[in-house]
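Every number in this text was worked out from the coordinates using simple rules, so none of it is lab data. Predicted, not measured: the structure shown is a model, and the values here were computed from it. FYI the Cβ positions are ideal-geometry reconstructions off the backbone, even for glycines, and counts take in every protein chain you see.
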Amino acid sequence: METPRDFDNLKARIVERAPNLPRRLAQVATYALEHHDEIAFGTVASIAQAAEVQPSTLVRFSQSLGYAGFSDLQDVFRSRLRDRIMNYEERIEHMREHAITASKASVIFSGFSDASQKSLNDLREKLDASKLEEAVDMLAKADTIFLIGLRRSFPISSYMSYAFGKLGIRNNLIGATGGLASEDVSFASKRDVVLAISFTPYASETIKLVQDTAARNVPIIAITDSPFSPLAPIAKPWFEVQEANFEGFRSMAATLSLAMTLTVAVAERRKK
């Protein structure tokens, strides 16, 4: 089998092989798909430390995919990300150099602004237009849209519920208040659609609710951050959104933009 030389084919190969890889190699596979930037521009030592594996494991992982070594694999990540990410890194470095003269709040704002821009650029590049149309069509035809997003994802699902309500679209926001989430989502039928949102570390209640609902053949759409997300094999379609972070706090800009897109597009589709 030919060794992938572009990122899309490499990603597909990793997703295909991951379930059959030994535990440590599977751990590297998960890290690689969730941290494109680090794989592209990190060192073997720094990547191994972040992925919590030995440096030799990175070499074995690369060879399992058909590459001569890790640097050969890394070139595929670099070819896709080099220009955009280097510009981002340069902005961060510039911000740090001027941090002495700027206020702390201004530095934080600049950091979050750059992280948001990076997240949006990444989503713009990877968003599949056909999946977007499929999701809009499903949501527009649904009797009721059930929105599941707990913990960090709750601001997104609650915004969509608010906007759908203002647009006259029937929806049900599933939350953890009162412990009634499972009862609320039990009313979903094959004529409805569940839109689930969850990111690493995945909210266990969200996953359980979606799994139980999918078992009743209720259509599922998901917004998540990795092909290895528990939501990915359940939902059709699902959207991969990887938010950049600043000082350990992840942006929500790309996720909210996708949520706004789906909300407004569904309203427009229903008008037609």
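Descriptive notes on the structure:
- Rounded to the nearest 20 debye, the dipole magnitude of the chain is 660 debye, with +1 charges on Lys and Arg beta carbons, -1 on Asp and Glu beta carbons, and the Cα centre as origin.
- Taking all Cα pairs closer than 8 Å and separated by 6 or more residues, the relative contact order of the chain comes to 17 percent.
- Compared with the alpha-carbon gap, the fully stretched path from Glu134 to Gln63 is longer by 21.9 nm at 0.36 nm per residue.
- Ranked by how many other beta carbons lie within 10 Å on average, peptides 16-26, 165-175, 187-197 from highest: 187-197, 165-175, 16-26
- Stretch gain in nm, segment Lys271-Gln117, where the contour uses 0.36 nm per residue and the Cα spacing is subtracted: 52.2 nm
- Whole-Hz ³J(HN,Hα) from phi, Karplus 6.51 cos²θ - 1.76 cosθ + 1.60, for the stretch 186-197, glycine and proline x: 5, 7, 5, 10, 5, 7, 9, 9, 9, 10, 10, 10
- Total formal charge among the other residues, if their Cβ is under 13 angstrom from that of Val15, Lys/Arg +1 and Asp/Glu -1: -1
- Distance (nanometres) between label positions extended 7 Å along Cα→Cβ at Lys126 and Val15: 1.0
- Backbone N within the stretch 14-33 under 16 Å of label point (7 Å from Ser79 Cα along the Cβ vector): 14
- Straight-distance crosslink candidates among lysines, where the alpha carbon sits under 28 Å from Lys131 and sequence neighbours closer than 8 are dropped: Lys11, Lys118, Lys141, Lys166, Lys190, Lys208, Lys236, Lys271, Lys272
- Of Ser113, Ser71, Phe41, farthest towards positive along the dipole that unit charges on Lys, Arg, Asp, Glu beta carbons give the chain: Ser113
- Helix-derived mean residue ellipticity, 222 nm - over the chain, DSSP H n ≥ 4, -39500 (n - 2.57), to 500: -18500 deg cm²/dmol
- Spin-label pair Met260/Ser106, simplified geometry with 7 Å Cα→Cβ offset, distance in nm: 2.7
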